[in-house]
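Here the structure is laid out as structure tokens; the discussion comes afterwards.
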Amino acid sequence: MRFSGRSARSVTTPQVLECIESDELRVVVGASACAVVIGHCFASRDELESSLGEFAETGAPECFSGWSGCYSVAVLQPQAATLIADPVGQFPLYLARSDDDVVFGSSASALAKHVQAEPDRVALLATLTCPEAGDLFDTRSMFAGVDRLSPGRLARIVNGHVEVEPYTEFQPDPHVSLAEAATGLQSSLTRAVDARVASAGSLTSDFSGGLDSTSLAFLAAQKSPRLPVLTYLNSSRPVTDDVDHATRVVGLADRLEHHLVFGSDADLPYQSIDVLAEEPHSSAVAMGSMKARLKVAAKLGSDLHLVGEGGDIVLAAPAAYLADLGRQRDLPRLWRHCLGWARIRNRSPMSLLSRAIAMSRTSRSEAFADLAGQIAQGRPTGEVAWEKDNVAYWTVPQADWLTRPARRTLAEHVRAYGAGLSTDDEASVGDVVTSARLRLQALTQRAVRTSGAQCGVAVHAPYLDTDVVRACLALSASRRSSITKPKPLLRAALSSLVPDLVLARPTKGDYTADAYQGIRRAAPVLRRLLENPATADHGLIEPAPVRQTVVRAIDGLPTPWGALNQWIAVELWLRNQSGDAE
């Protein structure tokens, strides 16, 4: 799926450079305008044509809202273009300057080739070191001179001039109760699933045994005469608790047709690493089991497959919300939740309480100043306490891998960004973390969709639909949290539609052992990457500490998996840019 256009200030109509129609791209042509819809949009053609005509008269972007799905829109008119970026960030839009004109599209790499843009050094360093600091990526792509239109923003391009304004965003509403949010979630999620059932020629669904995908399958089964559902099992290294639970609950719906997808060690992490063209992301190292399921879905004749991606982000709350309880001075609830997290994570409740109180007194600008200091120092972090990584705006950066010039460049950028933040509107810690993780989840889903396209199967994540995300995030992170019930918002929303045995599962399978086994099998490949790493050639990292981390992982010692996976993704992305990807 790719779309590119230009404002064409020297001609009477905007020019389309490239438009490749697919299941994620629809084009509607009217009398005086053309609309390109990028993403998953379940409006009928008549609805799109009517909205395009209304937009041509009014210029109101709301004309294209209200349909199930998640999508961005580009409207091309004589001497003007209007870009509307989806607020979730699944289907981003990019802009760049080309001579005196503005070019735009759905692919940063395509625009980079058009304007001959080079990789953005600051963006690469931030991706390597602090990908969870989402603010640093707000308008940046991986290419210098190619800007990303921030999620939920609108850009009007007239005569080569770009004006960007807020359009829609997700904001917690303190006046919305849990019951009201649950009603909104039930309505939006049911519509999202029903739209897929109606549009698919042959639908399949993940059925991991976890709460999110299993709930989707039960919703879809209500409108499907027959729904094949897929559960993955590596027969040589089984994580059987997920499979056992899936097997128990599948019989609760007659229309579910259960398929066990038997995998092998070839599906373990690091065995087949994808290169994402737009932005490197750590999910690329562990797509093996997903690809195995999608291959089976394709053999079953599926043209649309449902996954539970995004459920953990929008339904649950990151542990950072503990800081918000401290800000609210809700000390009894804070202490109860510290006790709960301490039991789950085998931590001291007092250390959690101390960390939460400290973070409750830390503004975002102060957090960025601290992050800049950690990056500049670049000392090896060693094993980091769980609460320091999680009751925080972001995890502790693996800055000791960076070269000194790289640390200085990134630290200066982070420090300058933090100094420019306003203190008037300080968002809650939990909501800032949720927003950053939503951005990263959109990158994961992009990798999943790419794997699906390779199998000829469209992959959809209903939990990442715009209306579903809006319904969930109407509650702040601290109000979505619970230490006694898994994802209480989903349970309240679906209690009348999904069996309680599905909604009550408190745990999920632990696949940490797969990472260690996978990296042992991939050790020769990783060692070759570190013989002459592109990240070192670009002056980003010192190879020695990365080599040491890989050796420790191979030996089964504690490993910063997120940082290591992010380095692998960036390394292969850089090699791909120069044509040297293995």
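The values are calculated or read from the model by the stated rules, or taken from the named source; none is laboratory data. Treat the numbers as computed from the prediction; the structure is a model and nothing was measured. Note: ideal-geometry Cβ built from the backbone for every residue, glycine included; neighbour counts use all protein chains shown. Each accessible area value is taken on the protein alone, full model and side chains, heavy atoms only, with ligands, DNA and RNA left out. Shrake-Rupley method; radii C 1.70, N 1.55, O 1.52, S 1.80 Å.
See the values below:
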quantity	calculated
434, 183, ranked by accessible area, largest first (probe 1.4 Å)	183, 434
The chain, Cα convex hull volume normalised per residue, Å³	148 Å³
Area accessible to solvent at residue 528, 1.4 Å probe radius, in Å²	110 Å²
Rounded accessible area of residue 408 (nearest 10 Å², 1.4 Å probe)	130 Å²
Shape box of segment 457-506 [Cα atoms, principal axes, largest first, Å]	36, 26, 18
Phi-based couplings in Hz for segment 479-486 (Karplus 6.51, -1.76, 1.60; Gly and Pro marked x)	8, 7, 7, 7, 9, 10, 10, x
Highest to lowest packing among 246-252, 455-461, scored as the average C-beta count within 10 Å	455-461, 246-252
Built amide H within the under 5 Å cut-off of residue 258, gap 5+	229
D_trans [Stokes-Einstein, Kirkwood Rh over alpha-carbon pairs] for segment 106-149, 20 °C, 1.002 mPa s, µm² s⁻¹	203 µm²/s
Descending semi-axes in Å of segment 169-223, equivalent ellipsoid built from Cα gyration tensor	26, 14, 10
Exposure rank, largest accessible area first [150, 289; 1.4 Å]	289, 150
Chain lengthening between residue 116 and residue 58 when straightened (0.36 nm per residue, less Cα-Cα)	17.2 nm
Placed amide H near residue 69: partners under 5 Å, 5+ positions off or other chain	466, 467
Positive minus negative residues near residue 449 (Lys, Arg vs Asp, Glu; Cβ under 11 Å)	-2
Bins of 5 Å, starting at 0 and running to the largest distance - Cα pair percent for segment 14-116	2, 12, 25, 25, 20, 11, 4, 1
Whole-percent pair-distance distribution, where bins are 5 Å wide, for the alpha carbons of segment 483-574	2, 11, 19, 16, 9, 7, 7, 9, 10, 7, 3, 0
Accessible surface of the chain, 1.4 Å probe, proportion on carbon and sulfur as whole %	49 percent
Local electrostatic count, residue 46, Cβ distance below 14 Å [Lys/Arg +1, Asp/Glu -1]	-1
Computed over segment 192-233, Cα set: Rg, Dmax in Å	9.8, 30
485, 291, ranked by accessible area, largest first (probe 1.4 Å)	485, 291
Computed lengthening from residue 97 to residue 537, 0.36 nm per intervening residue step minus Cα-Cα distance	155.6 nm
Descending Cα extents along the principal axes, segment 53-179, whole Å	48, 42, 21
Value in Å of the Kirkwood radius, where segment 204-266 supplies the Cα pairs that are averaged	11.7 Å
Alpha carbon convex hull of segment 269-345, projected area averaged over orientations, nm²	8.5 nm²
Cross-link pairs beyond the 29 Å C-alpha cut-off, checked among 388/487; 223/295; 113/388; 299/485	113/388; 299/485
Using alpha carbons only: equivalent-ellipsoid semi-axes of segment 251-398, gyration tensor based, whole Å	38, 23, 14
Cα-based Rg of segment 401-471 normalised by 2.2 N^0.38 Å, two decimals	1.61
Solvent-free Debye scattering, log10 I(q)/I(0), computed from the Cα coordinates of segment 336-387 at q = 0.16, 0.26, 0.30 Å⁻¹	-0.62, -0.98, -1.05
Residue-level accessible surface for residue 218, protein heavy atoms, 1.4 Å, Å²	10 Å²
